[in-house]
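The values are calculated or read from the model by the stated rules, or taken from the named source; none is laboratory data. It should be emphasised that the depicted structure is a prediction, and the values quoted were computed from it without experimental measurement. When we count neighbours, we look across all protein chains shown, and the Cβ atoms used for this are built from the backbone with ideal geometry, even at glycine. The protein model used for the area step is the full one, side chains on, heavy atoms only, and it has no ligands, DNA or RNA in it. Shrake-Rupley method; radii C 1.70, N 1.55, O 1.52, S 1.80 Å.
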Amino acid sequence: MELRVIGISGSPRVGGNTDTILYKALAAAKEEGAEVQLIRLSDCRLKACDGCAACFKTKNCVIEDDGKKLYQEIVRSDGVILGCPSYFQSVTAQMKSFIDRIGYLCIARGRKDFAGKVGGVIAVARRSGLANVCSQMMNFVIATRMIVPSGGRVFVVAREKGDVLRDQEGLEAARYLGKMMIKTMVATESVRKS
């Protein structure tokens, strides 16, 4: 069975702690046989949702940017790991636009496109905001009807580039998440096919 996991980084900092910890989780998923890919939201053109609600009529977003491509990447995957640093105890602007645009479109399309996929989240912060960031991303995962694996949320303590590599508990939790993504995908394959 060919499984595909994508990591979506909400960090605007290229090669920072969020990218690093997502790579660790994806590497663990790859060791279990999955095809993996990291998508950096800061590399995408993704405007904020304007609340027009056209998606409820047309089942498509009318904003012309990379939103459609991001949506299709999730549709093509079996699982998604969202990663984001804490910016003022919240997700970054990039992740917020992603959650609003992609989540809202999924709901407008009847929540069926991501149902049964496996979703996990990783939050990175120096001190505060870990729970808030995890909660905001986990709300997306649950609202779009994804399945959360054991160890589906990970907290990592880091600030300066590279600090994440000193958080052994966070590194182990990210690797566990990567492995459990695959085990959960295998166990729930029939849910995604129905």
Unique residue being touching a Leu at 6+ places or on another chain (Cβ under 7 Å) and among the hydroxyl-bearing types (Ser, Thr, Tyr) when the list is Ser150, Ser86, Ser90, Ser135: Ser86
Any hit, the range 94-111, residues being open to solvent by 50 Å² or more (accessible area, probe 1.4 Å), aromatic (Phe, Trp, Tyr) and over 25 Å from Arg13 (Cβ atoms): yes
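If you check Ser128 against the conditions, is it assigned to a loop (DSSP other than H, G, I, E, B) and either farther than 24 Å from Glu73 by Cα or in contact (Cβ under 8 Å) with a residue 40 or more places away in the chain (or both)?
Details: assigned to a loop (DSSP other than H, G, I, E, B): yes; either farther than 24 Å from Glu73 by Cα or in contact (Cβ under 8 Å) with a residue 40 or more places away in the chain (or both): yes.
Considered against the rule, which asks whether it is assigned to a loop (DSSP other than H, G, I, E, B) and either farther than 24 Å from Glu73 by Cα or in contact (Cβ under 8 Å) with a residue 40 or more places away in the chain (or both), Ser128 comes out as yes.
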The range 154-178 residues that are without any contact (Cβ under 8 Å) to a residue 60 or more places away in the chain, paired with ones that are small (Gly, Ala, Ser) and in a loop (DSSP other than H, G, I, E, B) (beta carbon under 7 Å, 6 or more apart): Asp167/Ala158; Ala173/Gly151
Candidate set: the range 142-156, residues that are out of contact with any strand residue (DSSP E or B) (no Cβ under 7 Å at 6 or more places or on another chain) and under 20 Å from Arg175 (Cβ atoms); chosen: the one least open to solvent (accessible area, probe 1.4 Å): Gly151
Residue among Gly162, Gly120 that alone is buried (at least 22 other Cβ atoms within 10 Å of the Cβ), of a type outside the set (A, V, I, L, M, F, W, C) and closer than 22 Å to Ala27 by Cα: Gly120
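Yes or no, residue by residue, for (1) touching a residue at least 40 places away in the same chain (Cβ under 8 Å); (2) farther than 15 Å from Asn139 by Cα; (3) in a helix (DSSP H, G or I):
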{"residue": "Ile81", "(1), (2), (3)": "yes, no, no"}
{"residue": "Cys84", "(1), (2), (3)": "yes, no, no"}
{"residue": "Gln89", "(1), (2), (3)": "yes, yes, no"}
{"residue": "Ser97", "(1), (2), (3)": "yes, no, yes"}
{"residue": "Gly103", "(1), (2), (3)": "yes, no, yes"}
{"residue": "Ile107", "(1), (2), (3)": "no, no, yes"}
{"residue": "Arg111", "(1), (2), (3)": "no, no, no"}
{"residue": "Ile122", "(1), (2), (3)": "yes, no, no"}
Residue under evaluation Ala48, criteria (1) among the small types (Gly, Ala, Ser); (2) in contact with a helix residue (DSSP H, G or I) (Cβ under 7 Å, 6 or more places away or on another chain); (3) under 18 Å from Gly152 (Cβ atoms), criterion not met: (3)
Residue under evaluation Ile74, criteria (1) open to solvent by 30 Å² or more (accessible area, probe 1.4 Å); (2) in contact (Cβ under 8 Å) with a residue 60 or more places away in the chain, criterion not met: (1)
